[in-house]
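The values are calculated or read from the model by the stated rules, or taken from the named source; none is laboratory data. Predicted, not measured: the structure shown is a model, and the values here were computed from it. We place every Cβ from the backbone using ideal geometry, glycine too, and count neighbours over all the protein chains shown. In case anyone asks, the SASA skips ligands and DNA or RNA and just uses the protein heavy atoms, side chains included. Shrake-Rupley method; radii C 1.70, N 1.55, O 1.52, S 1.80 Å.
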Amino acid sequence: MGEAKIGTEMESMAIILHAGNAKSDSYEALQAVKQGDFQTFEEKYQSAKSEIKLAHKAHAEMLRKLSAEERMDEIDLLLVHAEGHLTSTAIAVDMIGEFGELYKWKETM
């Protein structure tokens, strides 16, 4: 039982880590595009998308592992926090991508 808990905690932290990286990169992308630095925007936005994919992958792998081992009752507060962080960050990354497109479009006017 102790080993399973450590596995869940580590995987939850992986979700938080990658979602946090995605959030940081996406907000750096937003700042860049607001300043007209479209190259940095694209680099940071692509990095954010890569990080959020890693967070989603870690989340899916953990849920598959818990389900396969019939351990779904081991979902704890840290996992709930990780899932909240993942969800809010995924929304932020998507919205910042859209804002970036608007800023780029505005420059063509």
Next item on the list: Could you check residue 77 against (1) out of contact with any Gly (no Cβ under 7 Å at 6 or more places or on another chain); (2) surrounded by 14 or more Cβ atoms within 10 Å (Cβ to Cβ) and say which number it fails?
Entry: (2)
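When only residues in region 25-39 that are touching a residue at least 24 places away in the same chain (Cβ under 8 Å), part of a helix (DSSP H, G or I) and out of contact with any Phe, Trp or Tyr (no Cβ under 7 Å at 6 or more places or on another chain) count, which is surrounded by the most Cβ atoms within 10 Å (Cβ to Cβ)?
In the first step, residues of region 25-39 are kept if they are touching a residue at least 24 places away in the same chain (Cβ under 8 Å); the result is 25-27, 29-30, 33-34, 36, 38.
Narrowing further to those that are part of a helix (DSSP H, G or I): 25-27, 29-30, 33-34, 38.
Cutting the leftovers down to out of contact with any Phe, Trp or Tyr (no Cβ under 7 Å at 6 or more places or on another chain) gives us 25, 27, 38.
Numbers: 25: 22, 27: 15, 38: 14.
Restricting to residues being touching a residue at least 24 places away in the same chain (Cβ under 8 Å), part of a helix (DSSP H, G or I) and out of contact with any Phe, Trp or Tyr (no Cβ under 7 Å at 6 or more places or on another chain), the top hit is 25.
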Margin query: What pairs come out if I take residues in region 61-87 that are in contact (Cβ under 8 Å) with a residue 40 or more places away in the chain and pair them with residues that are open to solvent by 90 Å² or more (accessible area, probe 1.4 Å) and of a type in the set (D, E, K, R) whose C-beta lies under 8 Å away, six or more apart or interchain?
Written below: 74/5; 76/5
Margin query: Against the condition in a helix (DSSP H, G or I) and open to solvent by less than 40 Å² (accessible area, probe 1.4 Å), how does residue 42 come out, does it pass?
Written below: no
Next item on the list: Just give me the residues in region 50-68 being farther than 17 Å from residue 80 by Cβ and open to solvent by less than 40 Å² (accessible area, probe 1.4 Å), in sequence order.
Entry: 51, 52
Notebook entry, point to check: Considering only residues of region 89-109 that are without any contact (Cβ under 8 Å) to a residue 24 or more places away in the chain, in a helix (DSSP H, G or I) and not acidic (Asp, Glu), which is nearest to residue 54 (Cα to Cα)?
Noted result: 91
Next item on the list: Would you mind stating whether residue 20 is modelled with pLDDT under 95, part of a helix (DSSP H, G or I) and open to solvent by 20 Å² or more (accessible area, probe 1.4 Å)?
Entry: no
